[in-house]
1. Taking θ = phi - 60°, what integer Hz values does the Karplus form 6.51 cos²θ - 1.76 cosθ + 1.60 yield along the stretch 97-108, in sequence order, with x for Gly and Pro?
2. Which whole-number percentage describes the relative contact order of the chain, with Cα contacts under 8 Å and a sequence gap of 6 or more?
3. Averaged over all directions, how much area does the convex hull of the C-alpha atoms of the stretch 303-459 cover when projected, in nm²?
4. Which lysines have a Cα less than 25 Å from the Cα of LYS169, not counting those fewer than 8 places away in the same chain?
5. Would you mind computing, in nm to one decimal, how far apart the modelled labels at GLN256 and SER127 are, each placed 7 Å from Cα along Cα→Cβ?
6. Give the residue from SER26, SER75, LEU15 lying farthest towards the positive end of the charge dipole for the stretch 1-85; charges sit on Cβ (+1 for Lys and Arg, -1 for Asp and Glu) and the dipole is referred to the Cα centre.
7. If the stretch 18-110 were replaced by its equivalent ellipsoid, with semi-axes equal to the square roots of 5 times the Cα gyration tensor eigenvalues, what would those be, largest first, whole Å?
8. Calculate, axis by axis, the spread of Cα positions in the stretch 241-337 along the three principal axes, and write the results as whole Å, longest axis first.
Amino acid sequence: MNHKKLIWQIFPANLLITLAAMLAVSWYGSAAVQKFYIEQLEAALQARAYLIRERVSQLLADGSLEELREFCRKSGREALTRITVIDRSGKVVADSNEDAGVMELHNNRPEIIDAYQGHTGTSIRLSRTLQENMLYVAVPLTWQSSGRDPVAGALRVAVPVTAIERTLKDVQLKIAMGAIAVVFAAALITLIVSRRISRPLEEMKQCALRYSRGDFSQRMSLHKGGSVSLEVATLAASMDRMAEQLNERIGTIVKQRNELEAVFASMSEAVLAVNTDERVINLNKAAADIFAIDEKLAPGRLLQEVVRNIDLQRQVKQILENLEPLQEEIVLQYGTSERFLQTNGVPLHDGGGNNIGVLVVMNDVTRLRRLENVRRDFVANVSHELKTPITSIKGYVETLLEGAMDNREDAERFLKIIVKQTNQLYAIIEDLLSLSRIEKLAENEEVELGLGSLRQVLEEAVQTCLMKAAEKNITISLDCPEKLRARMNATMLEQAVVNLVVNAIKYSDAGSEVIVSAEEKAQDDGTSRIVISVRDFGIGIAKKHLPRLFERFYRSDKARSRKLGGTGLGLSIVKHIAQLHGGDVAVTSQEGQGSIFFISLPGTGRESEELGVRS
Ligand code: ADP
């Protein structure tokens, strides 16, 4: 931009005008003074000419030329004026300063020509005779008698104009000095005035620059004093109003954007916006987490660079082509695990209804799908578990009906098998009912936990199992501090411990030992946990089974479990009961050496001790 500052637009122009005006004034002034002087002098010379004209005319008419010359010389000396008398032919008759006889004809001099015509003639020019600038005034000399040419000649008086020129030069010098002084004063005033005009504008410019940078902390009109012009003050006030409105609007936009961003960021659904070139416009934190990408780096990049999923890319392409909403389910691979996403894609439109891209909202339905799978597997497992005893019962009943009933021994054997299988069915259904009851309680958070003596619960569990232990000649020992208290549902916890002890007896050889113990252990984070353990010295469990041991219907040794009347649900019930108490389960085992099952519950710490002392 080739813009000049305001001061450089006002200042030189003003200076030029002042200079031109001063030049014109000085020129006109000095010309007027010169004219005035010359006119004055002319008038004076004319008066002198008139004073002596009478006498000169007389002497010329008389023809007394010598006397005339003497008169001219004398008068000229006294009046410091050159006096010349010229006759009608132009010949110089007398001259106060020179010898008339040697002087050339004067009839072509302009003042003489005028005088010959009967009026006063004037002229300023260089005198060839005197080599000096002279002012000449010539008046006509007339005859007294009539009938002849009234003009007898011309009387010319002259003075040098050098003095006038000197005076004029003086006057012109003074005028010039005055003009220079005025020009300087005008320049100074112009500078001050233009400064006064441009300074508030300069300040306004700075303020406007701040506004453009988004800084609205200062207002323009605050800086302007009373000296600024009405126009500038009005301009400043309207710019302030504009800035205020701008600030307000920016504030509103920023607020709305922040709110939108907060909503966008805190949405649990993953949201991804893509433009028509399939470049990411934006995505929220949930989306960045799902695709394991940096939320800040993704915008502007191609979708296929950001999300390596063919299905999602295809869905976006399809929506861009058809401009129709599209719902799909895609699977993301994370190493060996999978994540299921339900993707709802819709075309994005701007204010004018033009398509500007696609918005995809994704719901993580992995848990839902897993639950569905679990349920499906569970139903299959239950059917399978029920089918085995039912097939067996059906087979034996049919055999009995087909005639085996007649043989009492066979009939009794078959009926015993039927009873055993029925018991198995009953046990499975009992365990399933227990499981569903526990799950329901957990879902509705209806379990009532109360602080109670843990030893008492463990004692009762051991008591329940004593019969079974005695059958195999197994001893059960209990090691639990008297005052140990836990926040629990006693009936449920007892059932969990019973399940563990029954398993321990089931999978131990006769004459073995089962140890039930409980203790409160302090944790690193200052809390404590109550750990109940059931240890046996039986067959143990192979390492590969341990991670899935607590799953429903999972058995490490299917044949043995069935033979022993196991349902495959016992440990699953234990896990659910532990979780209901805010606790967990664990197992360590070595094949052939035995296993230890743990139930850990949140500790009660001092609360438990205080109550223990009181009880
Ligand atoms: P089950 O009714 O078959 O015992 P559980 O859920 O109680 O079902 O146990 C699951 C499986 O864990 C059992 O089939 C068994 O193979 C194994 N198991 C459980 N407890 C023990 C234990 N104390 N010693 C060895 N194996 C065990």
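1. Rounded to whole hertz, the list is 10, 10, 7, 5, x, 9, 7, 6, 5, 10, 6, 9.
2. It rounds to 7 percent for the chain.
3. Average projection, Cα convex hull of the stretch 303-459: 20.4 nm².
4. Cα-Cα hits under 25 Å: LYS35.
5. 10.0 nm
6. Looking along the dipole axis, the top candidate is LEU15.
7. Semi-axis lengths for the stretch 18-110 are 37, 15, 11 Å.
8. Over the stretch 241-337, Cα extents along the principal axes are 60, 31, 22 Å.
Read the figures in this text as sums done on the coordinates, not as results from a lab. All figures in this text were calculated on a predicted structure; none of them were measured in a lab. Cβ atoms come from the backbone with ideal geometry, glycine included; neighbour counts cover every protein chain shown.
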